[in-house]
Amino acid sequence: MRSRHFFFALGVGAAVGGVLALLYAPQTGATTRKKLKRNFEDLGDTLEDAAEYLKDQAERLGKEAERFIEASKDQFEDVVDAANGVVKSATKATRSVSKLI
């Protein structure tokens with residue numbers, strides 16, 4: 001029951017506020033509609049610009065990530081090659097020591 005009263009009061013308050021806003025508006029309805037339309041168009045342009053900026057940033061970050069991954073692969077391959085060299089050297093040294101024993 002309380003929620004009914006709340007929503008009724010909310011509706012009445014919104015209606016009274018709307019009427020008072022129209023009565024005390026400093027400009028005509030046509031002017032207000034033009035301003036609102038212009039503001040919505042500006043908002044649309046701003047959102048398009050923001051979307052384009054985010055798209056550009058995502059592409060830039062994607063390319064940087066690809067470069068980082070490629071560099072990491074190259075470094076990993078270098079480390080693996082160095083480790084193989086160390087293992088081969090250790091194997092040779094072990095064989096040399098085994099021949100001496």
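What follows is calculated from the coordinates using simple rules that are stated; it is not laboratory data. Source: prediction; values computed, not measured. For neighbour counting, all protein chains shown are included, and Cβ atoms are generated from backbone atoms with ideal geometry for every residue, glycine included.
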- Cleavage-rule hits, chymotrypsin sites (Phe, Trp or Tyr not before Pro), the range 1-68, DSSP coil, Cβ neighbours within 10 Å at most 13: TYR24
- What is the spin-label model distance, in nm, from GLU41 to THR91 if the labels are put 7 Å beyond Cα along the C-beta direction? 7.6 nm
- Message: Taking the 0 to 90 degree range and rounding to the nearest ten, how far is the long axis of helix 2-23 tilted relative to the main principal axis of the chain, both from C-alpha atoms?
- Response: 70 degrees
- If Lys and Arg each add +1 and Asp and Glu each add -1, what is the summed charge of the other residues whose beta carbon sits under 14 Å from the beta carbon of ASN84? -1
- Message: Translational diffusion coefficient of the range 9-101 at 25 °C, 0.890 mPa s, Stokes-Einstein with Kirkwood Rh over Cα pairs, in µm²/s as a whole number.
- Response: 117 µm²/s
